[in-house]
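K.L.:
Encoded as structure tokens, here's the structure I'll be asking about.
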Amino acid sequence: MVLGSYKTAICARAADQDILAKSQDGGIVTQLFAFALEEGIIDGAVVAGPGDEPFKPEPIVATTRAELLEARGTRYTICPNMSMIKEATRSYGLDKVGIVGTPCQIQALRKAQLYPVGMRSVPDKIALALGIFCMENFPYQGLEAMVEDLCNVKMESAVKMDIGKGKFSVYTERGAVSQIPLKLTHKFEQGGCHVCLDYVANLADVSTGSVGTPDGWSTVFVRTKVGEDVWGKAIEAGYFETKDIADVKPGLDLVTKLANEKISKNQKTIEERAAFKNLRNPYL
């Protein structure tokens, strides 16, 4: 199943207006971690915080609401969140860790839990894993070229970036919006993204993304018992506004379409690489 196993799918957004104000879409990750932190479900969360350069994230261990708020928004370049898990459990002494990641990072997390080589006493301290939808990612130099050379916007002037409706968009501090067709961004993609067969973070406790829901809202898949428990408590406490996913447009049909497109395209890449590897050099 291209959308992975899940217990329920919902259209949702954060009820906290402070969180929603500067979040990428529905503020799901920030709001859910804030709730989990306040309720003692986690002691802290590994998130993509601001780095030394604009839109170049660095992994941080957020142990306060203020630190979670600093990490709001999407940065379309990889942030090595997995590298901070040991730091969270050992240097910070956390016993219940939350972590957010792209599908590939959540896969790495689950592998580490199954085969904890070099991760002794760490895997059992993962209390909540949140995944984000991802079609592709960009090295920072590529992102910089897209923004400055193609969109004609200085990185330090950008306040938000977004991918949707076939376009890559950059929003500036003066309210201007610069857009380019997505087809112009493909040459900047990370090579590893072309062999990934997971669009919706199948192995997360809860995964989320903007695709399928109206602007300002997010699609949410609650996948595991852990996710179901935390999500249910957050809903009961009034931390989210929700709508039936069947009542919104474009709905899960679009999520399914894009998941299928990623899998089909990348499966071809995998097959092409396998065929190339198996070619014999006629001159040997």
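The values are calculated or read from the model by the stated rules, or taken from the named source; none is laboratory data. In this text, all values refer to a predicted model and were calculated from it rather than measured experimentally. Cβ atoms come from the backbone with ideal geometry, glycine included; neighbour counts cover every protein chain shown.
K.L.:
Is it the case that the stretch 132-139 has a residue that's touching a residue at least 60 places away in the same chain (Cβ under 8 Å), more than 26 Å from Tyr6 (Cα to Cα) and under 22 Å from the mean Cα position of the chain (by Cα)?
P.N.:
First, the residues of the stretch 132-139 that are touching a residue at least 60 places away in the same chain (Cβ under 8 Å): 132-135, 137-139.
Still in the running and more than 26 Å from Tyr6 (Cα to Cα): 138-139.
Checking the rest, the ones that are also under 22 Å from the mean Cα position of the chain (by Cα) come to 138-139.
Yes, the stretch 132-139 contains a residue that is touching a residue at least 60 places away in the same chain (Cβ under 8 Å), more than 26 Å from Tyr6 (Cα to Cα) and under 22 Å from the mean Cα position of the chain (by Cα).
K.L.:
Oh, and also: Inside the stretch 94-167, counting only strands (runs of 3 or more DSSP E) that do not spill past its ends, which hold 3 or more residues that are within 17 Å of Arg223 (Cα to Cα)? Lay out the reasoning, then the answer.
P.N.:
Numbers: elements: 97-101, 126-132, 158-164.
Of the strands (runs of 3 or more DSSP E) lying wholly inside the stretch 94-167, those with at least 3 residues that are within 17 Å of Arg223 (Cα to Cα) span 97-101, 126-132.
K.L.:
Counting only residues that are in contact (Cβ under 8 Å) with a residue 24 or more places away in the chain and within 19 Å of the chain's Cα centre (by Cα), which one in the stretch 150-161 is surrounded by the fewest Cβ atoms within 10 Å (Cβ to Cβ)? Spell out the reasoning first.
P.N.:
Our first condition is that a residue be in contact (Cβ under 8 Å) with a residue 24 or more places away in the chain; within the stretch 150-161, this holds for 150-153, 155-156, 158, 160-161.
Among the residues that remain, those that are also within 19 Å of the chain's Cα centre (by Cα) are: 160-161.
On the way: Lys160: 15, Met161: 22.
Per the criteria, the residue is Lys160.
K.L.:
Quick check on the stretch 43-56. Is at least one of its residues in a strand (DSSP E or B) and either closer than 20 Å to Cys193 by Cα or in the same structural domain as Thr185 (by TED's automatic domain parsing) (or both)? It would help to see each step written out before you state the result.
P.N.:
We begin by selecting, within the stretch 43-56, every residue in a strand (DSSP E or B); these are 44-49.
Add one more test, that the residue is either closer than 20 Å to Cys193 by Cα or in the same structural domain as Thr185 (by TED's automatic domain parsing) (or both), and what stays is 48.
Yes - at least one qualifying residue is present in the stretch 43-56.
Conditions tested, residue by residue: (1) crowded, with 22+ Cβ neighbours inside 10 Å; (2) of a type outside the set (Asp, Glu); (3) assigned to a strand (DSSP E or B).
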| site | (1), (2), (3) |
| --- | --- |
| Ala201 | yes, yes, no |
| Ser207 | yes, yes, yes |
| Thr213 | yes, yes, no |
| Ala246 | no, yes, no |
| Lys262 | yes, yes, no |
| Lys265 | no, yes, no |
| Lys268 | no, yes, no |
| Glu271 | no, no, no |
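K.L.:
So is Ala66 more than 22 Å from Val226 (Cα to Cα), aliphatic (A, V, I, L, M) and under 14 Å from the mean Cα position of the chain (by Cα) or not? Steps first, please.
P.N.:
Working: more than 22 Å from Val226 (Cα to Cα): yes; aliphatic (A, V, I, L, M): yes; under 14 Å from the mean Cα position of the chain (by Cα): no.
Here the answer is no, as Ala66 does not meet what is asked.
K.L.:
Scan the stretch 213-234 for residues that are touching a Ser or Thr at 6+ places or on another chain (Cβ under 7 Å) and closer than 11 Å to Ala12 by Cα and report the count. Lay out the reasoning, then the answer.
P.N.:
Within the stretch 213-234, the subset touching a Ser or Thr at 6+ places or on another chain (Cβ under 7 Å) is 213, 218-223.
Now restrict to residues that are closer than 11 Å to Ala12 by Cα: 213, 218-221.
Of the residues in that region, 5 qualify.
K.L.:
Another question, then. What's the number of the condition Glu136 fails, among (1) within 22 Å of Ile263 (Cα to Cα); (2) at pLDDT 95 or above?
P.N.:
(2)
K.L.:
Among the residues of the stretch 36-69 satisfying the criterion of being crowded, with 16+ Cβ neighbours inside 10 Å and among the small types (Gly, Ala, Ser), which is nearest to Tyr140 (Cα to Cα)?
P.N.:
Gly51
K.L.:
Among the numbered criteria (1) at pLDDT 95 or above; (2) under 19 Å from the mean Cα position of the chain (by Cα); (3) farther than 25 Å from Gly40 by Cβ, which one does Ala129 miss?
P.N.:
(3)
K.L.:
Take the stretch 162-175 and flag every residue that is at pLDDT 95 or above and either of a type in the set (A, V, I, L, M) or within 18 Å of the chain's Cα centre (by Cα) (or both).
P.N.:
Phe168, Ser169, Val170
K.L.:
List every residue pair whose Cβ atoms sit under 7 Å apart, with the two residues 6 or more apart in sequence or on different chains, where the first one lies in the stretch 49-69 and is at negative phi and among the polar types (S, T, N, Q) and the second, anywhere, is surrounded by 16 or more Cβ atoms within 10 Å (Cβ to Cβ) and at pLDDT 95 or above.
P.N.:
From the stretch 49-69, the pairs are Thr63/Asp43; Thr63/Gly44.
K.L.:
For the stretch 76-92, enumerate the residues that are in a loop (DSSP other than H, G, I, E, B), in contact (Cβ under 8 Å) with a residue 40 or more places away in the chain and over 23 Å from Glu53 (Cα atoms). Step through it out loud before you land on a result.
P.N.:
Just the residues of the stretch 76-92 that are in a loop (DSSP other than H, G, I, E, B), to begin with: 76, 78-80, 91-92.
Then drop every residue that is not in contact (Cβ under 8 Å) with a residue 40 or more places away in the chain, which leaves 76, 78, 92.
Tyr92 - this is the single residue of the stretch 76-92 that is in a loop (DSSP other than H, G, I, E, B), in contact (Cβ under 8 Å) with a residue 40 or more places away in the chain and over 23 Å from Glu53 (Cα atoms).
K.L.:
Which of the residues spanning the stretch 152-184 are out of contact with any helix residue (DSSP H, G or I) (no Cβ under 6 Å at 6 or more places or on another chain) and among the β-branched types (Val, Ile, Thr)?
P.N.:
Val159, Ile163, Val177
K.L.:
Shifting gears a bit: Return the residues of the stretch 20-30 that are outside any loop (DSSP other than H, G, I, E, B) and crowded, with 23+ Cβ neighbours inside 10 Å; say none if nothing qualifies. Break it down stepwise before answering.
P.N.:
Within the stretch 20-30, the subset outside any loop (DSSP other than H, G, I, E, B) is 20-21, 28-30.
Of everything in the stretch 20-30, those that are outside any loop (DSSP other than H, G, I, E, B) and crowded, with 23+ Cβ neighbours inside 10 Å turn out to be Ile28, Val29, Thr30.
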